[in-house]
1. What is the helix-to-structure angle for 148-179, meaning the angle in degrees between its Cα long axis and the longest Cα principal axis of the chain, kept from 0 to 90 and rounded to the nearest 10?
2. Can you compute the FRET efficiency between residue 144 and residue 55 using 1/(1 + (r/R0)^6), with r the Cβ-Cβ distance and R0 = 25 Å? Round to the nearest 0.05.
3. Please give the helix 99-116 orientation as an angle from the longest Cα principal axis of the chain, in degrees from 0 to 90, rounded to the nearest 10.
4. Given labels modelled 7 Å from the Cα in the Cβ direction, how far is it in nm from residue 6 to residue 18?
5. Defining a contact as two alpha carbons under 8 Å apart and six or more residues distant in sequence, what relative contact order in percent does the chain show?
6. Using a 7 Å offset from the Cα along the Cα-to-Cβ direction at both residue 105 and residue 31, what is the distance between the two label points in nm, to one decimal?
7. Using mean Cβ contacts within 10 Å as the protection proxy, how do 67-76, 120-129 order, highest first?
8. With angles folded into 0 to 90 degrees, how steeply does helix 120-134 sit against the dominant principal axis of the chain? Use alpha carbons for both and round to 10.
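Just so you know, all these numbers are worked out from the coordinates, no wet-lab data involved. Note that the structure is predicted; figures quoted are calculated from it, not measured. Cβ placement follows ideal geometry from the backbone for every residue including glycine, while neighbour counts extend to all protein chains displayed.
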């Protein structure tokens, strides 16, 4: 019997990353079971990095995690501006492996998408969120390459940020139902 707290096998971790990459165009690519395995692997591996929390961790400064969070914000901006179209299909794999080569392009795209948003409050909300994350990226810019562990952190950051959007939406809907 394996003792509790034993690290997960690297092959399991890398298989989860491969499946996410293979299905990056699908909404099912980022599944909770895969995120749980990636999180458990990273937390149980002695890599001298901060433990990954259950929910969004705004104090996490790992570059992979931050890039994943930022990608989720940029994805949400495009979805809200274009009514369903997403940058996930086209850019997620490259953004998770070589952020420096992709983020200049998708940040530029997000400026155009922000102009399409009709709600001024939403524009301010997204701009503040982008800035909060960008402030934690070093002045030298985005990393040129993320190793496999940081790619896992990218997907966790993306997942956490997306869940935060869903949680806020659910809370807004509950508040609206109470006031009706």
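1. The answer is roughly 40 degrees.
2. Values: r = 30 Å, r/R0 = 1.18.
The computed FRET efficiency comes out at 0.25.
3. 20 degrees
4. It works out to 2.2 nm between the two label points.
5. Numbers: 191 pairs, mean separation 56.2, N = 180.
Normalised by residue count, the contact order of the chain is 31 percent.
6. With each label point 7 Å from Cα toward Cβ, the separation is 2.9 nm.
7. On the way: 67-76: 25.9, 120-129: 13.4.
Ranking, from highest mean packing down: 67-76, 120-129.
8. 30 degrees
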